[in-house]
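To start, the structure itself, in structure tokens.
What follows is calculated from the coordinates using simple rules that are stated; it is not laboratory data. As the structure is a computational prediction, the values presented were derived from the model and not from experiment. Neighbour counts are summed over all protein chains in view; Cβ atoms, including those assigned to glycine, are modelled from backbone coordinates with ideal geometry.
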Amino acid sequence: MSRPKVHVKKGDTVVVITGKDAGKKGKVLQVIPKQQRVVVEGVNIVKRHTRPTQQMPQGGIVEKEAPIDSSNVMIYCNKCNQATRIGKKVLDDGTKVRVCKKCGEDLD
């Protein structure tokens, strides 16, 4: 049985390409491979009504990021300042790195 793969990793900078948050840029906070979803900082903000707890005795309405489908984000290349697809390259010592398809810059 194969493990589901997601093309982004935690800590990557991504651009949202579709949906209500299209064009927003943020950092990947969490990757959920089984559901093919990612949580991006500042994107897909939802309101959650929380009951009072010991950590938050007040309770109330909390805004937080909800997961979005990983197909709706593209990796952002800092060198060419735009969203790009990912290529793979094998270095001389045998390690694999992700590279920008547009400029060839290492993304790892």
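Note on C103/T18: beta-carbon distance plugged into 1/(1 + (r/R0)^6) with R0 of 30 Å gives a FRET efficiency of 0.80. Overall shape of the chain was characterised from the C-alpha gyration tensor. The equivalent ellipsoid obtained from it has semi-axes of 32, 16, 12 Å, in decreasing order. Over the range 10-73, the hull volume per residue, using the convex hull of the C-alpha atoms, is 99 Å³. The charge dipole of the chain, taken about the Cα centre with unit charges on the Cβ atoms of Lys, Arg (+1) and Asp, Glu (-1), comes to about 300 debye, rounded to the nearest 20. Legend: distances between Cα atoms for K79/K101; K25/K89; K25/K64; K10/K64; K5/K64; K9/K101; pairs beyond 19 Å are K25/K89; K5/K64.
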